[in-house]
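For reference, the structure is listed below as structure tokens.
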Amino acid sequence: MTIFRTAIPSPVGLLTLASDGRAVTGLWLEGQKYFGAGLPDAVQEKDLPVFEAARAWLESYFAKAPLPPLPPLAPQGSLFRQAVWQLLGEIPYGTVTTYGALTRALRAQGTPASPQAVGGAVGHNPISILIPCHRVVGTDGSLTGYAGGVEKKRFLLELEGVDMTGLYVPTRGTAL
């Protein structure tokens, strides 16, 4: 199967998108942890319809304009990760939830889960922003665990109008 890639500029830096030709299979921020494996072999292609749909959605998102429908998404991962990513997609724009709340939701669906396992799945989300892993915070409201970087997470939440009052953001060099 051929994988296609393209890059688009954004207020949080260059975004790299991957697709199987029908759906978005990856979206990574510049410098993100777990950046797309296999992308060096991907074919550069900027004009795929799915990339155009993703570009339109992202431009609307960053402009705070009404959002068009999401392009088709096809993240690859275990059944557990798929379940977590499905829940991430249900977090409303401009709101946050916690790893614990996601864990409870999975357990209510009959899926065994721990906050640590949920955190691992959230951190390995291959389609950042479109699958809004940035909307997950620590139980105490802390902006923890964003593979794209905490400052980019803060930027995205502020862009969405999330009330950042009282959210703890760790600073670099702070001893635990």
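No lab work stands behind these numbers, since they all come straight from the coordinates. Note that the coordinates shown come from a computational prediction; the quantities given were computed from them, not determined experimentally. Cβ atoms come from the backbone with ideal geometry, glycine included; neighbour counts cover every protein chain shown.
Tabulated values for the structure
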quantity: 10 Å binning of all Cα-Cα separations within region 14-117, expressed as whole percents from 0 upward; calculated: 12, 37, 35, 15, 0
quantity: Hits among lysines - C-alpha to C-alpha of Lys33 under 20 Å, sequence gap 8 or more where chains match; calculated: Lys152, Lys153
quantity: Inter-label distance, nm, simple model (7 Å from Cα along the C-beta direction), Ser114/Met1; calculated: 3.1
quantity: Cα-derived Rg over Rh, computed across region 1-64 with Rh taken as Kirkwood radius; calculated: 0.95
quantity: Exposed-loop-free span, longest in the chain, where trypsin sites (Lys or Arg not before Pro) count as exposed if DSSP calls them loop and at most 14 other C-beta atoms lie within 10 Å; calculated: 65-171
quantity: Neighbourhood net charge (12 Å Cβ-Cβ; Lys/Arg +1, Asp/Glu -1) for Met1; calculated: -1
quantity: Stretch gain in nm, segment Ser60-Lys33, where the contour uses 0.36 nm per residue and the Cα spacing is subtracted; calculated: 7.2 nm
quantity: With Cα atoms, 0 to 90° folded angle of helix 150-159 axis to the chain main axis; calculated: 80
quantity: Helix-only CD estimate at 222 nm, as mean residue ellipticity for the chain, using -39500 (n - 2.57) per DSSP H run (n ≥ 4); calculated: -9000 deg cm²/dmol
quantity: Paramagnetic label zone (point 7 Å from Cα along Cα-to-C-beta, Ser142; backbone N under 20 Å) in region 76-117; calculated: 96-104, 114-117
quantity: Distance histogram for the chain (every C-alpha pair counted, 5 angstrom bins, percent rounded to whole numbers); calculated: 1, 8, 17, 21, 21, 16, 10, 5, 1, 0
